[in-house]
Amino acid sequence: MKRVFLALAVLALAATAGAGEPAPEAAPAVAPEVLYERHCATCHANPATRSPTLASLQQMPLARLLSAMEFGKMQVQAAALTPQQRLALGQWLAAPEDARRDAWIARHACTHPPGEIPLSGAQNWGFGAHNTRFLREGVAITATNIGQLELAWSLALPQVTDMRSQPVAAGSLLFLGTQTGNLLALDQASGCVHWASRAVGGIRSALTLAATPDGVATLFFADDLGTVYAVDARTGIARWHVDVRLFPSSVVSGSPSYHDGRLFVPLSSFEVAAAGMPTHACCRSHGGVRALDAQSGEVLWTWHSAPAAEPTGKSAAGVQRWGPSGASVWSTPTIDAKRGLLYVGTGQNFSRPATVTSDAVIALGIDDGKPRWQFQALADDVWNGACQLAGPNCPEHPGPDWDIGASVVLSTAPAGRDTLLAGQKSGELFALDPDARGKLLWRKRLSQGTPNGGNSGIHWGMASDGVHVFAPVSDPERELPGYTPRPGVYALRIADGSLLWEHPVTRGCVVDPADVPLAGLAAMRQGATGAARSPWPACSFFYAHSAAAVLANDVVYAGALDGRLRALDAATGRELRTLETARAFRAGNGIDGHGGSIDVGGVLPHGRFLFVVSGYGMFRQMPGNMLLAWALPPTPAREETP
């Protein structure tokens, strides 16, 4: 039943020289643990770099580790190793491999055929082309009956620490992408597996489901190696795949958007982290957008967020500097078919000189990718990972790292007026006029934001019904002069930016000092790893709302970094229900699992079900490997009337 739709060539690449090249001379054997100390521990033992810990690395499969070293985010760091050394290092780190890991799939196979795959146009990251994350129909859960939700089934995914990819639902099916590269077609009622396919890298983006011009229901997604895939949703067989990277460090952090036979892919860069290494020549990569033919994968156009980098002098370590760079597109593009435009938000520059395209909303022509206008929320924001360590690659007068990382929302009022809404890590929300070249209508500060890579403010995304916008705020606790974090969920009136309600959140427990992750120079001075004693402490240090909000009927869903999912009344902000996910589960597929932080997308309401992905171990948050399906009773209890 399992279809492996792309050969895992990384194993061969790790063990052999390139085609037509002479075999390299054998290097002296070096123990893999020594290789780790020499080439990896500088970052992975330092919490300020936000790299996975050794314990997290040891839970990852060999294929993922080799992919990272051969093609992915660790390519620069692993360049000094021979292919044989990379293989040895990966084998030392890796958990037992794929066959044993994925044996549960065959055991959990469905005994009935899958149903039809109806398409709604809302089966993507933003629940529609405008990224409103508002489900207008097809959800039975309301503020009145949400108390009837019960856990119907669960799946635990082996060797997974991050539940990043937002699933999509269609008819009786639920499609899920996993960190280990599995693409699963599940039965919504039971969680059994109809088919499973495999990508080379871990599936990083949300899934997008749409029909291509030839009428084939197709799943689109990107893996963590910068490859975009198109897969037949009926069978799990690949239609095409294409590497969309602009640079070796390019990555797809947002999700592909589909419109009219084309796929629009956002591009960011891991070089922001690589710059933390003093020997790295910072920085030459930048963000962008690529438009693909959805039926063939052919690249139609490419927009670059910055000009090609040029030498700009030497760092204090004597290493060549380059610029401009950065202005990554971290989020999912927003489609404005009426105006023929595509909107994206950008992040900060990595190195100087600064560009006018950083921390900005950019309007691109949907047919040619040419810029039409831009709104820059913050100028001269130049920052990279070296700034957390006072490293030589930190630019002079660094900025705060306040990306517009949340997808831009195109909100339409009942009277028909359109407004663009952009949230920033500064804690500000901006309303722009799409008919006046992005003219600022109003701006509202919800929190102060934290500088120096704090993942504060509005992080992954907002939701809007056309009248109101619902914005989660992810402010962490930090010892900064004059700083007061304001984590929670905020509802604003789009007409004027006035506050409708706010729902602040607190930790609700006393965190053990040993579980407080240290950062930057504090970790270096104390010689501490900053790692929590357990991945799931009794009281989580992180508890704010980083994940994108979801609105369905009269309920706002907001996942939190402590594993709580809050369901709020959209009219008042009253907490209707809180689901706890950061706990141990004996899952329905016979595997012991554990929930963790809810981040990125987090939840998907569909019909009588509420699907929740729990676990996100990046940034020292709580890892997890759970897909949880809460549901109303098959025949909902009759609602009482006063």
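The values are calculated or read from the model by the stated rules, or taken from the named source; none is laboratory data. Note that the structure is predicted; figures quoted are calculated from it, not measured. So basically every Cβ, Gly included, is an ideal-geometry build from the backbone, and we count neighbours across all protein chains shown.
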Reported set for segment 321-340 where residues are more than 23 Å from the chain's Cα centre (by Cα) and under 30 Å from PRO398 (Cβ atoms) is ARG321, TRP322, GLY323, PRO324
- request: Check segment 177-196 and report whether any residue there is of a type outside the set (S, T, N, Q), touching a strand residue (DSSP E or B) at 6+ places or on another chain (Cβ under 8 Å), assigned to a strand (DSSP E or B) and at pLDDT below 95.
  value: no
Of (1) without any contact (Cβ under 8 Å) to a residue 60 or more places away in the chain; (2) among the aliphatic types (A, V, I, L, M); (3) within 23 Å of GLY254 (Cβ to Cβ), LEU604 satisfies every one except (1)
Going by the conditions given, is PRO248 in a loop (DSSP other than H, G, I, E, B) and in contact with a helix residue (DSSP H, G or I) (Cβ under 7 Å, 6 or more places away or on another chain)? yes
Residues in segment 352-377 that are more than 23 Å from the chain's Cα centre (by Cα) and either of a type in the set (A, V, I, L, M) or assigned to a loop (DSSP other than H, G, I, E, B) (or both) total 10
Restricted to segment 210-225 and to residues being within 21 Å of the chain's Cα centre (by Cα) and part of a loop (DSSP other than H, G, I, E, B), the residue modelled with the lowest pLDDT is LEU225
- Query: Would a scan of segment 575-593 turn up a residue that is closer than 16 Å to ILE146 by Cα, among the aliphatic types (A, V, I, L, M) and either in contact with a Cys (Cβ under 9 Å, 6 or more places away or on another chain) or modelled with pLDDT of 95 or more (or both)?
  - Reply: yes
In the set ALA94, ALA79, the lone residue that is surrounded by fewer than 17 Cβ atoms within 10 Å (Cβ to Cβ) and more than 27 Å from LEU632 (Cβ to Cβ) is ALA79
The residue that is nearest to GLY287 (Cα to Cα), considering only those in segment 334-351 that are of a type in the set (D, E, K, R) and part of a loop (DSSP other than H, G, I, E, B), is ARG339
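Yes or no, residue by residue, for (1) in contact with a His (Cβ under 9 Å, 6 or more places away or on another chain); (2) crowded, with 22+ Cβ neighbours inside 10 Å:
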| residue | (1), (2) |
| --- | --- |
| GLY590 | yes, no |
| GLY593 | no, yes |
| VAL603 | no, yes |
| GLY615 | yes, yes |
- [ ] Determine if segment 212-228 includes at least one residue that is buried (at least 18 other Cβ atoms within 10 Å of the Cβ) and touching a Cys at 6+ places or on another chain (Cβ under 7 Å).
- [x] no
Checked pairs for segment 52-80, first assigned by TED's automatic domain parsing to the domain that holds ALA273, second at pLDDT 75 or above, C-beta under 7 Å and 6 or more apart or across chains, list as none
Assess whether ALA567 counts as being in contact with a helix residue (DSSP H, G or I) (Cβ under 7 Å, 6 or more places away or on another chain), modelled with pLDDT under 95 and surrounded by 15 or more Cβ atoms within 10 Å (Cβ to Cβ).
-> no
